[in-house]
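The values are calculated or read from the model by the stated rules, or taken from the named source; none is laboratory data. Since the structure is predicted, the reported quantities are computational estimates derived from the model, not experimental observations. Neighbour counts run over all protein chains shown; Cβ positions are idealised from the backbone, glycine included. For accessibility, only protein heavy atoms count, side chains too; no ligands or nucleic acids. Shrake-Rupley method; radii C 1.70, N 1.55, O 1.52, S 1.80 Å.
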Amino acid sequence: MQVIQDKNVLSAQLKKYKEDQQTIGFVPTMGALHEGHLSLVAESLKDNDITVVSIFVNPTQFDNLTDLEKYPRTLEKDIELLASLSADIILFTPTRENIYDGDITSKTYEFNGLEKVMEGAFRSGHFNGVATIVELLLRTVEPNKAYFGEKDFQQLQIIKKLVALKELPVKIIPCPISRELHGLARSSRNERLTKATREKANFIYNSLITAKSKFGTKSVQEIKESVTNLYENNSDFTLEYFEITDEDTLTPIKKIQENTKYRAFIAVYAEEVRLIDNLALN
Ligand code: AMP
C-alpha cells in the first residue's frame, strides 16, 4: 500500500493508472477507521482496480473547536488496517495547506434546502465545509466511483447534489450503515464514550426502531412525542433533534403520503459526544 501526502504527487500517480485504463474508486474519511469505513473500502476494492482512501480531519466542517481538537486520530493503526486489506489501496493523507492550497476556508453552496435542515440547522456552516473538501478531493482524485455511508444520510444526499451541480464525472455509491452488535451505528466518535455509556448507547438505535414500529399506525406528531418522551425519561442521553422526512428532499413532514419513502433522523448527546443515526421507515 502506498501512502501519499501531496496532492500533486497523488494526481501524477493516478494519471498513470488512468492511462492504463484502470478504474479508480475513492473513499473519503476523517480516519479513526472502523468496520463502517472498511465496508466502504471493501465495496470499492470489489468494483475498481485501484482504491484511494483519504484520511483528513477537515477543519472547515467543524463548528466547534473542542470537537475538532478531540476528534480521534489513530493514523498508525489506520495504516495497519488498510495495509492488511489490500495492496491496491493508495492512502492519501494531505496536510491542510496542501489540500486547500493555503486558503483554509469554506465555499458557499446552495443545495435546494437539503443543507438547511437537521445537521445543517444545528451545525452552522457544516455542509459548506463538507462540500468544499469533498469537491477539492473529487477534483484531485477524479475517481470513477466514490463511496459514502448512509450513516451520514443527509451528507450523502448533499454530495449527490454537489456532483450534479458541478457536473463532476463520478458515480456516487451509497453504502448501508454498519452497526455494533446491539445496534449502535459505528462511529469514530464512539471511541470517546466511556465503556458504560457505550454499552447503553443502543438506546439510540432502539428509539429509531420504536419510531419505525409506530410508523403507519400513529401520526407523525404522536411518533415524535413518543421518541421525545423516551429521552426525557433517560438521563444518559440528551435529544438534540428527531425528525421524520421525505428521503429525497429531506423535508420534515407532518403527514404521511402514499408512494413516498420516509426516513427517521436523530442527533443525541451522550457524555458531551454528539452522535447521529437514521433509519428507513418504509
Ligand atoms: P467519517 O470518517 O466519519 O467522515 O466517515 C467517512 C465515510 O464513512 C462517510 O461516507 C461515512 O458516512 C462513512 N461511515 C461512517 N460510519 C459509518 C457506518 N457506521 N456505516 C457506514 N458508513 C459509515
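Quick notes on this one:
- If you go through region 1-52 and keep only what is away from the ligand (no atom under 16 Å from the Cβ), without any contact (Cβ under 8 Å) to a residue 40 or more places away in the chain and not aliphatic (A, V, I, L, M), you end up with N8, K15, K16, Y17, E19, D20, Q21, Q22, D49.
- Within region 184-197, tally of residues that are more than 14 Å from the ligand (Cβ to nearest atom) and either open to solvent by less than 30 Å² (accessible area, probe 1.4 Å) or touching a Leu at 6+ places or on another chain (Cβ under 8 Å) (or both): 2
- Screening L38, L33 for residues that are at pLDDT 95 or above and over 20 Å from V130 (Cα atoms) leaves exactly one candidate, L38.
- Residue list for region 147-169, filter: farther than 18 Å from K107 by Cβ and more than 9 Å from the ligand (Cβ to nearest atom): Q154, Q157, P169
- Subset tally (residues that are open to solvent by 30 Å² or more (accessible area, probe 1.4 Å) and assigned to a helix (DSSP H, G or I)) for region 11-28: 8
- Qualifying residue in region 206-214 (condition: within 14 Å of the ligand (Cβ to nearest atom), among the charged types (D, E, K, R) and over 17 Å from L250 (Cα atoms)): no
- Scanning region 77-98 for residues that are among the charged types (D, E, K, R), open to solvent by 10 Å² or more (accessible area, probe 1.4 Å) and out of contact with any Phe, Trp or Tyr (no Cβ under 9 Å at 6 or more places or on another chain) gives K77, E80, D88, E97.
- Only a single item in (1) open to solvent by less than 60 Å² (accessible area, probe 1.4 Å); (2) within 11 Å of the ligand (Cβ to nearest atom) is not met by K224, and it is number (2).
- Where helices (runs of 4 or more DSSP H) fall entirely within region 29-139, none has at least 3 residues that are more than 23 Å from L184 (Cβ to Cβ) and in the same structural domain as T249 (by TED's automatic domain parsing).
- With respect to being open to solvent by less than 10 Å² (accessible area, probe 1.4 Å), in contact (Cβ under 8 Å) with a residue 24 or more places away in the chain and out of contact with any helix residue (DSSP H, G or I) (no Cβ under 6 Å at 6 or more places or on another chain), V117 falls outside the description.
- Some residue of region 152-169 being assigned to a strand (DSSP E or B) and either open to solvent by less than 20 Å² (accessible area, probe 1.4 Å) or of a type outside the set (S, T, Y) (or both): no
- Annotation: of all residues in region 244-257 being open to solvent by less than 50 Å² (accessible area, probe 1.4 Å) and touching a Lys or Arg at 6+ places or on another chain (Cβ under 8 Å), the one that is farthest from R198 (Cα to Cα) is D246.
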